[in-house]
Amino acid sequence: MPSIEEEIRQPTFRSPAHRTQVNIIYTAAWINQQTTHALRPFGLSIQQFNILRILRGRNGKPATVKLLTERMLDKMSNASRLVDKLKEKGYVKRQECETDRRRVDIIITKEGLDIIAKATEAVERSMEENLGNLDDHDFNELSNMLDRLRG
């Protein structure tokens with residue numbers, strides 16, 4: 001397994017903190033590439049996948065665009081535009097709220113549930129293949145360290 005120095009052909013870093021920062025950014029991009037590749041056969045972007053997973057997790061309860069934006073992993077994404085694209089594909093529907101006409105509810109469709117089940121399986125299989133050199137203890141330790149890093 002190549003080190004970050006070998007991967008980016010940089011022999012030294014200013015400090016261990018700098019090396020770690022570069023390694024996190026590089027690794028996040030690598031994970032995104034793997035996920036993008038796994039989602040390609042389903043015609044979904046990572047952001048669309050994230051929206052569908054949020055909606056699936058609501059167990060039939062609608063969500064607003066505001067709620068989706070708050071829960072998304074990529075805070076820079078335009079949730080409204082993503083919902084429009086998913087609506088065009090038939091994976092979500094927009095519905096006027098019965099109690100507040102200004103509010104629009106987003107609901108996942110049966111087609112959306114079907115595609116997210118298949119896409120999730122592909123992403124999980126990809127991660128098992130690509131992250132197979134770590135065990136549950138490693139994942140927990142890394143996740144805890146990342147939580148600490150964010151304060």
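Each reported figure results from applying straightforward, stated rules to the coordinates on display, with no laboratory input. Note that this is a predicted model, so its numbers are computed, not measured. Cβ atoms come from the backbone with ideal geometry, glycine included; neighbour counts cover every protein chain shown.
Annotations for the structure displayed:
- Lys/Arg +1, Asp/Glu -1 at C-beta; the stretch 4-149 dipole; positive extreme among N140, T69, I25: T69
- Quotient of Cα Rg and 2.2 N^0.38 Å for the stretch 4-149, N being how many residues it contains: 1.26
- The chain - mean residue ellipticity at 222 nm from DSSP helices (-39,500 (n - 2.57) per run, n ≥ 4, rounded to 500): -19500 deg cm²/dmol
- Cβ-Cβ distance of M145 and Q95, R₀ of 41 Å, FRET efficiency by 1/(1 + (r/R0)^6): the value works out to about 0.45.
- Partner aspartates and glutamates whose Cα lies under 15 Å from the Cα of K85, excluding those fewer than 8 positions away in the same chain, are identified as E111.
- Computed E for K118/H37 - FRET, C-beta separation, R0 25 angstrom, nearest 0.05: 0.95
- Distance between the stretch 109-151 and the stretch 24-39 - C-alpha centres, whole angstrom: 11 Å
- Net charge, E98 excluded, C-beta distance under 15 Å - Lys, Arg +1, Asp, Glu -1: +3
- Exceeding the 18 Å Cα-Cα cut-off - candidates K66/K110; K61/K89; K66/K118; K89/K118: K66/K110; K61/K89; K66/K118
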